[in-house]
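Everything on this sheet refers to the single structure shown next.
The values are calculated or read from the model by the stated rules, or taken from the named source; none is laboratory data. For clarity, every value in this text was computed on a predicted model and none was experimentally measured. Glycine gets a Cβ as well: all are built from the backbone with ideal geometry, and neighbour counts include every protein chain shown. Protein only, heavy atoms only, side chains kept; ligands, DNA and RNA dropped before computing areas. Shrake-Rupley method; radii C 1.70, N 1.55, O 1.52, S 1.80 Å.
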Amino acid sequence: MTRAPFPGISTPAGPVPAGAPAWNRQRHSQMPSHRYADPYDRVSIPLSAQERTWPTRRLTAAPLWVPVDLRDGNQALAEPMDPARKRRFFELMVAMGYKEIEVGYPSASQTDFDFVRLIAEQGIAPEDVTIVVFTAARRDLISRTVESIRDIRNPVVIHLYTATAPIWRETVLGRDRDELRALILDAGRDVLELAGGLPHVRFEFSPEVFMLTEPDYALEICNAMTALWEATPERPVILNLPATVEIATPNVYADQIEYMHRHLDRRESVILSVHPHNDRGTGIACAELAVLAGAQRVEGCLLGNGERTGNVDLVTLALNLHAQGIDPLIDFSDIDEIRRTVEHSNRIEVHPRHPYVGDLVHTAFSGTHQDAIRKGFAEHRERAAREGRSEREIAWRVPYLPVDPADLGRSYDAVIRVNSQSGKGGIAYLLETEFGIRLPRRLEIDLAGHVQRHADQSGLELDAHGLWRIFDDAYLAGDEEPRIALSQVRTDAAAEPRTMFRLRVDGSEHDSEHPGVGPVEALTEALAAHGAPIEILDLQQTSLGAGSDGEALTLIEYRGAHGTGWAAGRDGSVLTATLNAVLTAANASLR
C-alpha cells in the first residue's frame, strides 16, 4: 500500500455545495467551520446602507500616525527590548518624523518605567514630540504611570484602557454593563485627580475589543469619559477604538467607526483614533477604511509587529499614501536603514516579500515583467530628457513598480540585478549543494549581478565551480595584492578583552593595542586609524564543505567610503576568517 504523501491532510471529500456552478468542483471539507459564528451574529451593524457615507469618500491627507512599537509591539516579543534597543528604535522614529509615540507601559515593568524616566531626565525627545504612556484602569497602576511622567517637559498623553466586549465582561472581568461602566469612570476620576492639574497632559481612552462591543454601549462609555474629562478643542480627548481581534470584513469596522464619528458628543473636542490588528490579514484595509469613515489618528507598528499576526503596519499604510500622490508626512528615504533598525530592535526578520521593504519587492523573475520594466525605464529616461527635467522630478509610470525605488533609498541596481537572475535562479542552489555555502538574500542578489556581467561577456553557461570563481573575485579579493594586510594578531582576555595587531600598510608594519573591545571592533578601530574606516552592517558565518575538514567562511555587509558592499573571508579558524573578511572590505573601500 502506497503511503499518502501528506498523511496529516484530509483531502475534502464531501459533496459539492448545492447550487455550485458546474465549473466549480470544490467539495465540502472536514474543517469544523460550524464551530464559529457568522460575524454578523456577533457584531451589531449600526448603519444602514442609506446612512453610511465612507464608501464615497477618498483619502486626501495622512492621519496622525502613532507608533506603538515600544509598548504594544514590545509586549509581543519573545525577548522584550533592552534599554539600548528601545532607545535606538525611539531615535529612529523621531528621525523619521513621528510626532506622537507610545513609549511604554510603565506600571507593567521596571524596564518600561525606567525608559520613561530616561525621557524625563535626559530630554531625548524633541519638544514637539508627544509622549504616550499606557495603563490599565486601576488606581495603583495609574498612580505609577503618573509618577513615571513627572518632569517630562514634552506634551504627554495618558492612555487608559479597559475591555468592554460582552465575552470579556462576562469571562474575564465578571461584571455587567453597569458595573463595568462604574469601574471605568472610577479609573477616569483617578486619572483626573492624579494628573488633571498637569497642563501638558492630555487623556486617551480605549474601549478595548471595541469591534465586538455593542455600539450603544461603546458610545455611552466614550461619551461619559469625554464629559468626565471635560474635553475641549483646546484640550481634546483621544478616543481610540481598537479592532483588537479582527473578526469581520473591513467594511464592518468602517461602519462601526462612522457610527461613532457621527454620534459622539463633543465631536470637535475628540480625536478619533483606531488601532487595527491583523488577525484576518486585513489590518491595512481596516485602517484605510476607518480613515474614510472619520478616524483622524492611527496606532500601529513599523512593519507590523504585534501579538498574534501583528498590529497594522504603519510603513505600508504611509507608503500606500505616497504611492497615490499624498505626502505621508514621514520620511522613508532610507528604507534599508529603517528595516535594519526594526529587525535589530525586534529581533524578527522582515519577509523578503513584505510590501515596499522586503529585499524582493522590486524583483521580477518573470521575463515578461523584466521586459516591461526595462521598456518603462527607457521611456522614463527619454521623457525626462525630452522635458529637460530630472528623472527624480517627472511622474513615475514604470510597469510593475508602484513606486520609484530611489524614493526609498534603493538604487536601480536592485532591479537590474533582479533582471540578471532571469534563467539563473539556481545560483544559490548550486553554491549550497556543491560547496555548502548559504548566502544571505541580499548577497544572493548582489552576486547575481556579477554573474550576469560575466555571462554577458563570455556567452557561456556557468557551472558551480565557475560561480565560485566569480564569488572569489568579487568578495574574497581574488589574487589582488592588498594595501592592508594582517601580519600578526594576539588576544588577551585574562582581565579585560585586549587585542593587539600588527598590520602591514602599503609595505610598512604598524602595531596597535585595543583594550576593552573584541577582535572585530578592535580591527575596525585600527583600520580607521590608517584611513580605511568601515562600518559592519551584517555579519554571517557559514562553511566551505562539510564535516571537520570544512573551512570557515565569514560574510559581511559593510558601509565604507563609497557606500555599502559585501566582503568575505575564509580560513580554518572562524576568527581569522572574520578578520580576513573585514580586511577585504577595508581594501575594497580603499579602491
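Before moving on, here are some points about what is shown:
- Selection of the stretch 97-116 for residues being open to solvent by 10 Å² or more (accessible area, probe 1.4 Å) and closer than 19 Å to LEU408 by Cα yields only GLY97.
- Restricting the stretch 117-143 to residues that are among the small types (Gly, Ala, Ser) and part of a helix (DSSP H, G or I), the residue that is surrounded by the fewest Cβ atoms within 10 Å (Cβ to Cβ): SER143
- Residues of the stretch 577-591 that are more than 15 Å from THR564 (Cβ to Cβ) and in contact (Cβ under 8 Å) with a residue 60 or more places away in the chain: LEU579, ASN580, LEU583, ASN587, LEU590.
- The set of residues from the stretch 297-331 being part of a loop (DSSP other than H, G, I, E, B) and of a type in the set (Val, Ile, Thr) comprises THR309, VAL312, ILE326, ILE330.
- Selection count where residues are surrounded by 17 or more Cβ atoms within 10 Å (Cβ to Cβ) and part of a loop (DSSP other than H, G, I, E, B), scope the stretch 144-167: 5
- Hits in the stretch 5-23 - residues which are open to solvent by less than 70 Å² (accessible area, probe 1.4 Å) and under 18 Å from SER33 (Cβ atoms): PRO12, GLY14, VAL16, PRO17, ALA20
- Number of residues in the stretch 463-488 that are of a type in the set (Gly, Ala, Ser), over 16 Å from LEU590 (Cβ atoms) and at pLDDT below 85: the value is 2.
- Breaking point among (1) modelled with pLDDT under 95; (2) in a loop (DSSP other than H, G, I, E, B), for ASP41: (2)
- Filter pass, ALA364 being open to solvent by less than 10 Å² (accessible area, probe 1.4 Å), among the small types (Gly, Ala, Ser) and part of a loop (DSSP other than H, G, I, E, B): yes
- When residues of the stretch 367-391 are limited to those that are in a loop (DSSP other than H, G, I, E, B) and not small (Gly, Ala, Ser), the one most open to solvent (accessible area, probe 1.4 Å): ARG389
- Scanning the stretch 268-290 for residues that are out of contact with any Lys or Arg (no Cβ under 9 Å at 6 or more places or on another chain) and of a type in the set (A, V, I, L, M) yields VAL270, ILE284, ALA285, ALA287, LEU289, ALA290.
- The C-beta contact set for the stretch 26-47 (first residue under 21 Å from TYR259 (Cβ atoms), second residue part of a helix (DSSP H, G or I) and open to solvent by 100 Å² or more (accessible area, probe 1.4 Å), distance under 9 angstrom, 6+ apart or interchain) comprises LEU47/ARG262.
- Among all positions in the stretch 65-79, there is no residue which is closer than 30 Å to ASP255 by Cβ, in a loop (DSSP other than H, G, I, E, B) and open to solvent by 60 Å² or more (accessible area, probe 1.4 Å).
- The single condition from (1) within 25 Å of GLY97 (Cα to Cα); (2) touching a Ser or Thr at 6+ places or on another chain (Cβ under 9 Å); (3) outside any helix (DSSP H, G or I) that PRO352 fails is (1).
- Near pairs, Cβ below 8 angstrom, 6+ apart or cross-chain, from the stretch 335-356 (within 16 Å of ASN74 (Cα to Cα) and open to solvent by less than 40 Å² (accessible area, probe 1.4 Å)) to any residue that is at pLDDT 95 or above and polar (S, T, N, Q): VAL342/ASN305; ASN346/ASN305
Residues checked against (1) in contact (Cβ under 8 Å) with a residue 40 or more places away in the chain; (2) out of contact with any Gly (no Cβ under 7 Å at 6 or more places or on another chain); (3) of a type in the set (A, V, I, L, M, F, W, C):
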| residue | (1), (2), (3) |
| --- | --- |
| LEU185 | yes, yes, yes |
| LEU192 | no, yes, yes |
| GLY196 | no, yes, no |
| VAL201 | yes, yes, yes |
| SER206 | yes, yes, no |
| ALA218 | yes, yes, yes |
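- A search for C-beta distances below 8 Å between a residue of the stretch 516-529 that is modelled with pLDDT of 90 or more and any residue that is surrounded by fewer than 13 Cβ atoms within 10 Å (Cβ to Cβ), counting only pairs 6+ apart in sequence or on different chains, returns THR524/GLU535.
- Verdict on ILE394 being without any contact (Cβ under 8 Å) to a residue 24 or more places away in the chain and in a loop (DSSP other than H, G, I, E, B): yes
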